[in-house]
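Trainee: This is the structure I have questions about; it appears just below.
The values are calculated or read from the model by the stated rules, or taken from the named source; none is laboratory data. Small disclaimer: the values here were computed from a predicted structure and weren't measured. Here the Cβ is made from the backbone with ideal geometry for all residues, glycine too, and neighbour counts use every protein chain on show.
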Amino acid sequence: MEQVANLLLSGLSSGSVYALVALGFNVIFKSTGAINFAQGEWVMMGGMVAATSYAAHWPLGLAILCAVLAVVMVALLSERLILRRIKKPTALAVTLMMIAIAICSKSLVMLLLGKNPANLPGFSGSEPVLWFNLRIHPQTFWIVGITCLVMLATHWFFERTVLGRAMRAVAAQPEAAALCGIEPRMAMALSFGLAAGVGALAGTIITPLTLTSFDHGTVLGFKGFSAAMLGGLGSLPGALIGGVALGTLEALAGGLISSHFKDAVAFVALLLTLFLRPTGILGRGAVEKV
Amino acid sequence: MNPRLLARAALSTALAFGFALPPAAAQTPIKIGSILSVTGPAAFLGEDMKAGMELAVEEINAKGGVAGRKIDWIFYDAESQTQKGLTATRRLLDQDKVDMIVGGGNMSGMAIAMLGLTEKAAIPFMSTEGAMDIVTPIAERQWTFKSTADDEQVMERLADYFVKKGIKKIALLGDSSGFGQSAAGQLKKVAPRRGLEVMYETFNPSDTDMTPQLGKIKEANVQAIVCWTVTPAGVVFLKQAQQLGLDKLTLVHSYGFVDQRYMQLAGDAAKNLLLISVKFPVGADLPDTDPQKARIAALTRAFEAKFKRKPNQFAAQTYDAIYLARAAIEKAGGTDRAKVRDALAGISSWPGVGGIFNFSKERHSGLSKDDLVLVNYRDGAFRLADYK
């Protein structure tokens, strides 16, 4: 019983991070139709920048803020200097370009910040909190809390603010949106900034639990992508559901069956989604009217 | 005669006599090829291992080389990818035509892949990696040796400690790499004959959460947990073990984890940790009667003078490997491959920095359990915890 509760808790915290990564995938997919394979690298970059700043004796809050801003800058620069120069920015061209950007980001971090793994302290220490018989790392609360807040904020942004609605308009019908005076390129830049910011934040909140190093991003990106597919690509609540479901499944498979299967869960989930319900749990199929 | 033609004739004569007939003293250098991973996930170890080789080659060449011949050292980075390691091996064999290969990418799995090529090419290969499968089964490893202790010996040494402390039930948490799996394979052989009950769990080197495995181990009520990895996941293990209150048990990490940086990352979570290690990291703590003590101090001084930082046991591992290559080539009286191989197999009671090396035709792994100790980490340094 205690074992299962521990597993669920660990699934919830890694699932929350997957959800944030998936959110980044979804935001960019919504506005460009492309899969942003640099998302995982941005998560890693956020963790690395925060850890490096913290190691240079910056206060923790400032280090995190700096990390988020730095990664947003990298994303905006990639968008401005590379993606905007593509003659025909089709979804496929952007996706391929993102793979290149992912590889460059990883190498950049390795060259600038080094190959050593880096660490951040828990936001409120690392003394486990006793709750019934469970020993919970306080960082777990931060991770789950921040994920919920970010989810709510993004939802509010897309539903309630003019900017968010404008972005949705561009995603739905670029020509019509342009006629109404919305610059589609602006929407693309905004979605990159948003995805990078959320990714970097995910990187900083998970680092106290798992450490980070320049090669951590790829796996995280893949897990986030699986979570996004599972929940439904492009759906914001889908990211949350997909992430938490994937994290929980992974933890349960690792703990109850065998740790050999833990990483396979994401692959199997991805395959099953593609076979059985390609639109994901909450996704809607693309309808093309002729 | 046309003056230009004359000049050309003179030049070609000079070329023919000046270069085609080298003076007897300048013999061809001995070519030693090395492959390590100085980038990628295993880069953590690779940098120091490369430095150890560099130092050894430099020292040997400064003292006049091997039997009057300098060492021409060719190094390739395998980038922690087996495929790249294999490409580099082919290049060493086909293009560089080296006389011997030292170093197998500092990943056991890569060394095992590489020896498929080196065995076929019948070239002596001194691996600097850990896994026992690198040198067993001996019938398929005629040309392969290694400068590290066998996992069987490591497990015997650990079992000695557990028996001494009355520990009977343990868990082995090994990563899914060649390093972790080889350890599990050897423990399965050693545990029954030493009366140890073991539960086996694994994790992936890229894992960031080990709660599932640790939860299972917690339920099994073991007395000690042994973790086998060279990756930062070992820090996650320590932190989560502490979080689940498992740090009251005896926690043990392998010789692949004896690294200051890991200890600093683990911080408080490493306070009760024991690590099985060669004697190198605790050289200063050894009793004066131990012959290893002076050799470790000497390498430390030379390394610090050259690199301005402290060496670790991984640097010692590769330093020894280059010197073993020299000893074998010297003994063989040249680079005849079969003679070098036989000379390597004949090395016994050879004093290295990592320990006393004994090779034989049946055992291609140099160190034994007598070269291993248990250490802990106190106040920013590794200290001797269990000597014999």
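Trainee: Out of all the residues in region A:125-133, is one or more without any contact (Cβ under 8 Å) to a residue 24 or more places away in the chain, within 14 Å of chain B (Cβ to nearest Cβ), under 24 Å from the mean Cα position of the chain (by Cα) and surrounded by fewer than 20 Cβ atoms within 10 Å (Cβ to Cβ)?
Mentor: Looking for residues that are without any contact (Cβ under 8 Å) to a residue 24 or more places away in the chain, within 14 Å of chain B (Cβ to nearest Cβ), under 24 Å from the mean Cα position of the chain (by Cα) and surrounded by fewer than 20 Cβ atoms within 10 Å (Cβ to Cβ), one finds none in region A:125-133, hence no.
Trainee: Now, a different point. Would it be correct to say that B:Ala121 is over 23 Å from B:Ala183 (Cα atoms), of a type outside the set (Asp, Glu) and touching a helix residue (DSSP H, G or I) at 6+ places or on another chain (Cβ under 8 Å)?
Mentor: Values: over 23 Å from B:Ala183 (Cα atoms): yes; of a type outside the set (Asp, Glu): yes; touching a helix residue (DSSP H, G or I) at 6+ places or on another chain (Cβ under 8 Å): yes.
Answer is yes for this residue.
Trainee: Also, I was wondering about something else. Does any residue in region B:234-249 that is more than 7 Å from every other protein chain (Cβ to nearest Cβ) come within less than 7 Å, Cβ to Cβ, of a residue that is crowded, with 24+ Cβ neighbours inside 10 Å and assigned to a loop (DSSP other than H, G, I, E, B) six or more places away or on a different chain, and which pairs are these?
Mentor: Close Cβ pairs satisfying both conditions: B:Phe237/B:Met210; B:Gln240/B:Met210.
Trainee: Has region A:274-281 got at least one residue that is of a type in the set (Gly, Ala, Ser) and either within 14 Å of chain B (Cβ to nearest Cβ) or more than 14 Å from the chain's Cα centre (by Cα) (or both)? Before you say what the answer is, go through the steps one by one.
Mentor: Here is the first cut: in region A:274-281, the ones of a type in the set (Gly, Ala, Ser) are A:280.
From what is left, the residues that are either within 14 Å of chain B (Cβ to nearest Cβ) or more than 14 Å from the chain's Cα centre (by Cα) (or both) are A:280.
Checked against the condition, which is being of a type in the set (Gly, Ala, Ser) and either within 14 Å of chain B (Cβ to nearest Cβ) or more than 14 Å from the chain's Cα centre (by Cα) (or both), region A:274-281 yields at least one hit.
Trainee: With the checklist (1) farther than 30 Å from A:Thr218 by Cα; (2) at pLDDT 95 or above in hand, flag the one item B:Lys50 doesn't pass.
Mentor: The one condition B:Lys50 does not meet is (1).
Trainee: Can I ask one more? Across region B:199-223, what is the total count of residues that are crowded, with 21+ Cβ neighbours inside 10 Å, farther than 22 Å from A:Ser213 by Cβ and more than 7 Å from chain A (Cβ to nearest Cβ)?
Mentor: 2
Trainee: Can you confirm whether region B:182-191 contains a residue that is in contact with a Ser or Thr (Cβ under 9 Å, 6 or more places away or on another chain) and of a type outside the set (S, T, N, Q)?
Mentor: Let us first name the residues in region B:182-191 that are in contact with a Ser or Thr (Cβ under 9 Å, 6 or more places away or on another chain), namely B:182-184.
Filter once more, so that each one left must be of a type outside the set (S, T, N, Q): B:183-184.
Yes, that holds for at least one residue.
Trainee: Separate question: Is there any pair linking a residue in region B:265-294 that is within 14 Å of chain A (Cβ to nearest Cβ) to one that is among the acidic types (Asp, Glu) and not in a strand (DSSP E or B), with Cβ under 7 Å and at least six apart or on different chains, and which?
Mentor: These pairs meet every condition: B:Ala269/B:Asp247.
Trainee: Show me the helices (runs of 4 or more DSSP H) found entirely inside region A:189-290 where at least 1 residues are among the basic types (Lys, Arg).
Mentor: Numbers: elements: A:217-231, A:236-252, A:264-276.
Fully inside region A:189-290 and qualifying: A:217-231.
Trainee: On to the next question. Please go through region A:49-89 and give me each residue that is over 22 Å from A:Gly114 (Cα atoms), surrounded by 13 or more Cβ atoms within 10 Å (Cβ to Cβ) and not aliphatic (A, V, I, L, M), ordered by number.
Mentor: A:Glu79, A:Arg80, A:Pro89
Trainee: On the given criteria, is A:Val170 crowded, with 16+ Cβ neighbours inside 10 Å, away from every other protein chain (no Cβ under 14 Å) and within 30 Å of B:Gly46 (Cβ to Cβ)?
Mentor: Working: crowded, with 16+ Cβ neighbours inside 10 Å: yes; away from every other protein chain (no Cβ under 14 Å): yes; within 30 Å of B:Gly46 (Cβ to Cβ): no.
No.
Trainee: Does region A:256-266 contain at least one residue that is within 14 Å of another protein chain (Cβ to nearest Cβ), farther than 23 Å from A:Gly46 by Cβ, in contact (Cβ under 8 Å) with a residue 24 or more places away in the chain and of a type outside the set (Phe, Trp, Tyr)? Quick ask: steps written out before the conclusion?
Mentor: Our first condition is that a residue be within 14 Å of another protein chain (Cβ to nearest Cβ); within region A:256-266, this holds for A:256-266.
Add one more test, that the residue is farther than 23 Å from A:Gly46 by Cβ, and what stays is A:256-262, A:264-265.
Next, only the ones that are in contact (Cβ under 8 Å) with a residue 24 or more places away in the chain stay: A:256.
If we keep only those that are of a type outside the set (Phe, Trp, Tyr) as well, we get A:256.
Scanning region A:256-266 turns up at least one residue that is within 14 Å of another protein chain (Cβ to nearest Cβ), farther than 23 Å from A:Gly46 by Cβ, in contact (Cβ under 8 Å) with a residue 24 or more places away in the chain and of a type outside the set (Phe, Trp, Tyr).
Trainee: Out of A:Gly46, A:Gly15, A:Gly33, I need the residue that is more than 14 Å from chain B (Cβ to nearest Cβ), touching a residue at least 24 places away in the same chain (Cβ under 8 Å), farther than 25 Å from A:Gly114 by Cβ and not hydrophobic (A, V, I, L, M, F, W, C). Which one?
Mentor: On the way: A:Gly46 fails: farther than 25 Å from A:Gly114 by Cβ; A:Gly15 fails: more than 14 Å from chain B (Cβ to nearest Cβ).
Answer to the check: A:Gly33.
Trainee: Right, B:Asp175: touching a strand residue (DSSP E or B) at 6+ places or on another chain (Cβ under 8 Å), closer than 27 Å to B:Val235 by Cβ and within 14 Å of chain A (Cβ to nearest Cβ) or not? It would help to see each step written out before you state the result.
Mentor: Values: touching a strand residue (DSSP E or B) at 6+ places or on another chain (Cβ under 8 Å): yes; closer than 27 Å to B:Val235 by Cβ: yes; within 14 Å of chain A (Cβ to nearest Cβ): yes.
Answer is yes for this residue.
Trainee: Tally the residues that are over 14 Å from B:Phe179 (Cβ atoms) and of a type in the set (Lys, Arg), restricting the search to region B:132-154.
Mentor: 1
Conditions (1) crowded, with 21+ Cβ neighbours inside 10 Å; (2) modelled with pLDDT of 90 or more; (3) of a type in the set (A, V, I, L, M, F, W, C); (4) out of contact with any Asp or Glu (no Cβ under 9 Å at 6 or more places or on another chain), marked per residue:
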{"position": "B:Phe162", "(1), (2), (3), (4)": "yes, yes, yes, yes"}
{"position": "B:Phe179", "(1), (2), (3), (4)": "yes, no, yes, no"}
{"position": "B:Val190", "(1), (2), (3), (4)": "no, yes, yes, no"}
{"position": "B:Glu197", "(1), (2), (3), (4)": "no, yes, no, yes"}
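Trainee: If you don't mind, another one. Looking only at residues that are part of a helix (DSSP H, G or I) and among the β-branched types (Val, Ile, Thr) in region B:36-91, which one is farthest from the other protein chains (Cβ to nearest Cβ)? Break it down into steps so the answer makes sense when it comes.
Mentor: Let us first name the residues in region B:36-91 that are part of a helix (DSSP H, G or I), namely B:43-62, B:82-91.
Checking which are among the β-branched types (Val, Ile, Thr) leaves us with B:57, B:60, B:82, B:87, B:89.
Working: B:Val57: 24, B:Ile60: 29, B:Thr82: 16, B:Thr87: 19, B:Thr89: 23 Å.
Looking at residues that are part of a helix (DSSP H, G or I) and among the β-branched types (Val, Ile, Thr), I get B:Ile60.
Trainee: Only one of A:Ser213, A:Ser191 is more than 28 Å from A:Val4 (Cα to Cα), within 14 Å of chain B (Cβ to nearest Cβ) and either surrounded by 21 or more Cβ atoms within 10 Å (Cβ to Cβ) or at pLDDT 90 or above (or both). Can you tell me which?
Mentor: Numbers: A:Ser191 fails: within 14 Å of chain B (Cβ to nearest Cβ).
A:Ser213 is the lone residue from the list that is more than 28 Å from A:Val4 (Cα to Cα), within 14 Å of chain B (Cβ to nearest Cβ) and either surrounded by 21 or more Cβ atoms within 10 Å (Cβ to Cβ) or at pLDDT 90 or above (or both).
Trainee: Taking the conditions exactly as written (within 13 Å of another protein chain (Cβ to nearest Cβ) and within 22 Å of B:Phe382 (Cβ to Cβ)), does B:Gln153 satisfy them or not? Spell out the reasoning first.
Mentor: Values: within 13 Å of another protein chain (Cβ to nearest Cβ): no; within 22 Å of B:Phe382 (Cβ to Cβ): yes.
In short, no.
Trainee: Tell me which helices (runs of 4 or more DSSP H) are completely within region B:288-388 and hold 2 or more residues being within 29 Å of B:Thr144 (Cα to Cα) and of a type in the set (S, T, N, Q), or say none if there are none.
Mentor: Details: elements: B:292-307, B:313-332, B:337-345.
Correct list: B:292-307, B:313-332.
Trainee: Same structure, new question: Please find, within region A:219-231, the residue that is farthest from the other protein chains (Cβ to nearest Cβ) out of those that are modelled with pLDDT of 90 or more and in contact with a Ser or Thr (Cβ under 7 Å, 6 or more places away or on another chain).
Mentor: Per the criteria, the residue is A:Met229.
Trainee: Quick one: would you say A:Thr90 is away from chain B (no Cβ under 14 Å), of a type in the set (Ser, Thr, Tyr) and free of Cβ contacts under 8 Å to residues at least 60 places away in the same chain?
Mentor: Details: away from chain B (no Cβ under 14 Å): yes; of a type in the set (Ser, Thr, Tyr): yes; free of Cβ contacts under 8 Å to residues at least 60 places away in the same chain: yes.
Answer is yes for this residue.
Trainee: I need every pair where a residue in region B:330-341 that is on the phi > 0 side of the Ramachandran plot has its Cβ under 9 Å from the Cβ of a residue that is part of a helix (DSSP H, G or I), sequence separation at least 6 or different chains.
Mentor: Once the first residue is on the phi > 0 side of the Ramachandran plot and sits in region B:330-341, its partners that are part of a helix (DSSP H, G or I) give B:Gly333/B:Lys339; B:Gly333/B:Ala343; B:Gly334/B:Val340.
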